[in-house]
1. Which length gain, in nm to one decimal place, applies between K19 and N108 when the Cα-Cα distance is subtracted from 0.36 nm times their residue separation?
2. Given the options E203, E101, E32, which has the most mean-square fluctuation in a GNM of the chain, springs set between C-alpha atoms less than 10 angstrom apart?
3. DSSP loop trypsin sites (Lys or Arg not before Pro) in segment 19-116 with at most 16 other Cβ atoms within 10 Å of their Cβ, which ones?
4. At a threshold of 8 angstrom on Cα-Cα distance, excluding pairs fewer than six apart, so keeping six or more, what relative contact order does segment 69-226 reach in percent?
5. Of D134, D214, which has the most accessible area with a 1.4 Å probe, and how do the rest follow in descending order?
6. Could you work out how much longer the chain between V122 and T26 gets when fully extended? Use 0.36 nm per residue separation minus the Cα distance between them, nm to one decimal.
7. Rg/Rh for segment 153-249: what does it come to with C-alpha atoms and Rh from Kirkwood?
8. Using all alpha carbons of segment 102-199, what is the percent of pairwise distances in each 10 Å bin, ordered from the shortest bin to the longest?
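The values are calculated or read from the model by the stated rules, or taken from the named source; none is laboratory data. Predicted model, so just to flag it, every value in this text is computed and none were measured. Glycine gets a Cβ as well: all are built from the backbone with ideal geometry, and neighbour counts include every protein chain shown. Only protein heavy atoms, including side chains, enter the accessible area calculation; ligands, DNA and RNA are left aside. Shrake-Rupley method; radii C 1.70, N 1.55, O 1.52, S 1.80 Å.
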Amino acid sequence: MSQDPIRRAQELMKAELPKKFYQTATVEQDGEGFAIRLDGRGVKTPSRKPLILPTAAAAEHVRAEWQAQENVIDPAKMPVTRLVNTVIDGVSDNAEAVYEEIVAYAGNDMLFYRAESPEELVARQAERWDPVLDWMTESFGARFVLVEGVMFADQPAESLAAFRHELDRHRQPFALGSLHVMTTLSGSALVTLALARGRLSLEEAWALANLEEDWTIEHWGHDEEAARRREKRFEDFEAAYRLLRAIEG
């Protein structure tokens, strides 16, 4: 019997990954930052920049991923490292553009756009999404316009200014990169801010981000391919959250 072609393809993909060439990954202070060392040798990003983190806790997340590699180095199993590389190679030199993208999400946030029907979904959105909007109003004086359907609605300038003011607290490139990942994966800058401030737990934020998808699954059934994609998205979402916590404490 010929070999399973899917398994064969997976083995070929794995064979192309670089072999693990080190025994021990460690963290060492490097100036004001913390560098990852592989058997004492420094790690570099894809753009050949030193892989240095601003806090020991953040560096430990990266070190643990390198240490966990077995026979090969598989970037797919290193979500924090991938994000850190992105920040060092991209976000650090483009922080303002990343900041503005997050603000743009806040101006067109998922939480503003509500279903017209069925009543069960309308009620669920109100029950679970409204508390985040209430928190924005009570904590920062930001009130937003809700819309039925998908037609764009301009949001009050003063509310977006309030969001900007709060986002300014997260200008550090690694924090900003983490927030950007969580915002794009959740579709909501407001949910991401609530998570960053401890108003929501990781699980609560992810559930809010997937409210409509979960409603669809309840009524139309489970799709295995979609479930695998969602699992991968959550892996990256969680990695961004862990990096944010390690950067900001």
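1. The K19-N108 span can extend by a further 27.6 nm.
2. Of E203, E101, E32, the Gaussian network model singles out E32 as fluctuating most.
3. Filter output for segment 19-116: K20, R48.
4. 27
5. Numbers: D134 75, D214 45 Å².
Ranked from most to least accessible, the order is D134, D214.
6. Length gained between V122 and T26: 29.5 nm.
7. Taking Rg over the Kirkwood Rh, I get 1.02.
8. The calculated distribution, bin by bin, is 15, 50, 29, 5, 0.
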